[in-house]
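Colleague: What follows is a single structure, and I will ask about it in a moment.
The values are calculated or read from the model by the stated rules, or taken from the named source; none is laboratory data. Quick caveat, the model's predicted, so the values are computed rather than measured. Note that we place each Cβ from the backbone using ideal geometry, even for glycine, and neighbour counts take in every protein chain shown. Ligands, DNA and RNA are excluded from the accessible area calculation, which covers all protein heavy atoms including side chains. Shrake-Rupley method; radii C 1.70, N 1.55, O 1.52, S 1.80 Å.
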Amino acid sequence: MKPVQPHSKFFIIGNANEQHRIDHLISEDDIVIRFNAPNPSCDLKADWAFIANGYVQIRHLCITSHDLFKPDMRIFFRYTVDDIWHQHYQRVPLHKRIKYQWRFPKWIKRFKLDQYTIDTVPSEIFQHSIDLLKFPQPSTGLLAINYVLKKYNGHAIYVHNFTNQGWEGHHWDREKQVMAEFIRQNKIRPV
């Protein structure tokens, strides 16, 4: 797993289509962050990947290519198995929570995600993201931005290929407002 250096910058790459290349801005010690099944129109390889792993997502999300993942990549899942079991962030019927207990580990193996270092977004950061949005389902992108802001305050954070649109379960207008405020405060920088 690639360590974060005191001078490391973070490049958080959204899943919109690539508009222009930024690889010339990235040095060896910088951290590139991608999401779920990364959009291949941007060929930057992930040092970290934030992956949605709710009950519905693992039934539909297929990560069939590892071309955009570095071999020593670190994965951050949204939820722990206990989060699903205890319904911390989602209401899931009991029979589905029981299925999740064995389905999620099989999903990790099926898509060969067990070869990477696996972490979970800390609950305090997940809750802070919910509080920022005043909405229960932050996007994986906003979770990653908030994670880096909270854990690596003082490091330069760049965002690229974000359109604040996608799955209908997110509050994209509010996420766009939050990101605009982060940009205005110079907490993140678009490239």
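Colleague: May I ask you to verify whether residue 137 is within 25 Å of residue 186 (Cα to Cα) and not β-branched (Val, Ile, Thr)? Walk me through how you get there before you give the answer.
Modeller: Working: within 25 Å of residue 186 (Cα to Cα): yes; not β-branched (Val, Ile, Thr): yes.
Considered against the rule, which asks whether it is within 25 Å of residue 186 (Cα to Cα) and not β-branched (Val, Ile, Thr), residue 137 comes out as yes.
Colleague: Starting from the range 64-86, take each residue that is within 12 Å of residue 122 (Cβ to Cβ) and touching a residue at least 60 places away in the same chain (Cβ under 8 Å) and list its partners that are among the hydrophobic types (A, V, I, L, M, F, W, C) and surrounded by fewer than 18 Cβ atoms within 10 Å (Cβ to Cβ), counting only C-beta distances under 9 angstrom and pairs at least six apart or across chains.
Modeller: From the range 64-86, the pairs are 76/118.
Colleague: Testing residue 138 on (1) closer than 30 Å to residue 2 by Cα; (2) open to solvent by 20 Å² or more (accessible area, probe 1.4 Å); (3) touching a Phe, Trp or Tyr at 6+ places or on another chain (Cβ under 9 Å); (4) free of Cβ contacts under 8 Å to residues at least 60 places away in the same chain, one condition comes back false. Which one is that?
Modeller: Evaluating residue 138 over (1) closer than 30 Å to residue 2 by Cα; (2) open to solvent by 20 Å² or more (accessible area, probe 1.4 Å); (3) touching a Phe, Trp or Tyr at 6+ places or on another chain (Cβ under 9 Å); (4) free of Cβ contacts under 8 Å to residues at least 60 places away in the same chain leaves (2) as the failure.
Colleague: Follow-up question, since we're still on this one. Only one of (1) buried (at least 17 other Cβ atoms within 10 Å of the Cβ); (2) at pLDDT 95 or above; (3) touching a helix residue (DSSP H, G or I) at 6+ places or on another chain (Cβ under 9 Å) is not met by residue 151, so which one is it?
Modeller: Residue 151 satisfies every listed condition except (1).
Colleague: Among the residues of the range 68-95, how many are open to solvent by less than 70 Å² (accessible area, probe 1.4 Å) and within 14 Å of residue 53 (Cα to Cα)?
Modeller: Number of matching residues: 13.
Colleague: What's the total number of residues in the range 143-161 that are assigned to a helix (DSSP H, G or I) and either among the hydroxyl-bearing types (Ser, Thr, Tyr) or touching a residue at least 40 places away in the same chain (Cβ under 8 Å) (or both)?
Modeller: Of the residues in the range 143-161, the ones assigned to a helix (DSSP H, G or I) are 143-151.
Then drop every residue that is not either among the hydroxyl-bearing types (Ser, Thr, Tyr) or touching a residue at least 40 places away in the same chain (Cβ under 8 Å) (or both), which leaves 143-145, 147-148.
The total comes to 5.
Colleague: What number of residues within the range 1-60 are assigned to a loop (DSSP other than H, G, I, E, B), crowded, with 19+ Cβ neighbours inside 10 Å, at pLDDT below 95 and aliphatic (A, V, I, L, M)?
Modeller: 1
Colleague: Give the residues of the range 114-124 that are assigned to a helix (DSSP H, G or I), within 23 Å of residue 72 (Cβ to Cβ) and not acidic (Asp, Glu), sorted by residue number.
Modeller: Narrowing the range 114-124 to residues assigned to a helix (DSSP H, G or I): 114-115, 123-124.
Checking which are within 23 Å of residue 72 (Cβ to Cβ) leaves us with 114-115.
Across the range 114-124, the qualifying residue is only 115.
Colleague: Cβ-Cβ under 8 Å, sequence separation 6+ or interchain: first residue in the range 102-113 and touching a residue at least 24 places away in the same chain (Cβ under 8 Å) and under 15 Å from residue 82 (Cβ atoms), partner polar (S, T, N, Q) and not in a helix (DSSP H, G or I). Which pairs?
Modeller: 104/53
Colleague: For the range 104-113, which positions are assigned to a helix (DSSP H, G or I) and either crowded, with 16+ Cβ neighbours inside 10 Å or among the polar types (S, T, N, Q) (or both)? Talk me through it step by step, then tell me what you get.
Modeller: Of the residues in the range 104-113, the ones assigned to a helix (DSSP H, G or I) are 104-110, 113.
104, 107, 108, 113, listed by residue number.
A quick yes/no check of all residues on (1) more than 25 Å from residue 150 (Cβ to Cβ); (2) over 13 Å from the mean Cα position of the chain (by Cα):
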residue: 1; (1), (2): no, yes
residue: 20; (1), (2): yes, yes
residue: 26; (1), (2): no, yes
residue: 67; (1), (2): yes, yes
residue: 77; (1), (2): no, no
residue: 82; (1), (2): no, yes
